[in-house]
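See below for the structure under consideration.
Just so it is clear, none of the values below were taken in a lab; they were calculated from the coordinates. Worth saying up front: this structure is predicted, and the values here are computed from it rather than measured. Note that each Cβ is placed from the backbone with ideal geometry, even for glycine, and that neighbours are counted across all protein chains shown.
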Amino acid sequence: MPEWLVFGGVLAVASIVVVTGVFLVGGRLFPTTVDRSGRATGDGKRRREIREYLQAIDEPFAEDHPVCGEPVAFYLPQRDVAITFDARAYYRIGRSGTHAILFEHELPGVHLGSRLPFDTPDLAIDENELDPASAAFSVLGLPAEASASEVKTAYQEKVKQVHPDHGGDHEEFRQVREAYTTAKEHTG
């Protein structure tokens, strides 16, 4: 074997070992942190809003209940209605006799009533509750006291999911852009 080929192979293996070592050391020195602050953001906030709405209309429900082998966020046993945030679970449950509702994370909990397959009482919505800034932070999955950098990071992550070039919806993309603009104006 030519000497230059052996030297190139050894150099390639050494490079792979060095790069692997850098990643391993980096993983140890800078571990991924998990937010355990307990703040109600994203899924937790949405669940709280839905829970409050169902309690306001006096509808009995079970949380994290299995339906057709799929865990759903809320199940209304008297009406056989499953409310889920998971599209795959929604389609699987939809094939059974249970009425499935796919609830988007960005949708405020009070709008659940229009999606339920039965008549619901009209609730008086306080206009102060529908603060545009709070709604914007909610769309981005952030608490209202989020910093400008957190807003920017959340926007960048959300855009990756909803951008039309990545298979997302134009309307959803527009909502995320508007939410980012509003949230950015309310951070200081």
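The figures follow:
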| item | result |
| --- | --- |
| Sequence ranges 22-29, 172-179, ranked by mean other-Cβ count within 10 angstrom, highest first | 172-179, 22-29 |
| Principal-axis tilt of helix 43-56 within the chain, Cα atoms, nearest 10 degrees | 10 |
| Cβ-placed point charges (K, R +1; D, E -1), dipole of region 129-185 about Cα centre in debye, nearest 20 | 240 |
| The chain, relative contact order [Cα under 8 Å, separation at least 6], % | 14 |
| Positive-end residue of Tyr75, Leu11, Leu116, charge dipole of the chain with Cβ unit charges | Leu11 |
| Tensor-based shape of the chain (alpha-carbon gyration tensor, a/c under 1.5 rounded, otherwise prolate or oblate) | prolate |
| Net charge dipole size for region 43-122 [Lys, Arg +1 and Asp, Glu -1 on Cβ; Debye, nearest 20] | 260 |
| Karplus-derived HN-Hα couplings along region 74-87 (A = 6.51, B = -1.76, C = 1.60, θ = phi - 60°), whole Hz, x at Gly and Pro | 9, 10, 9, x, 6, 10, 6, 10, 10, 10, 9, 9, 9, 5 |
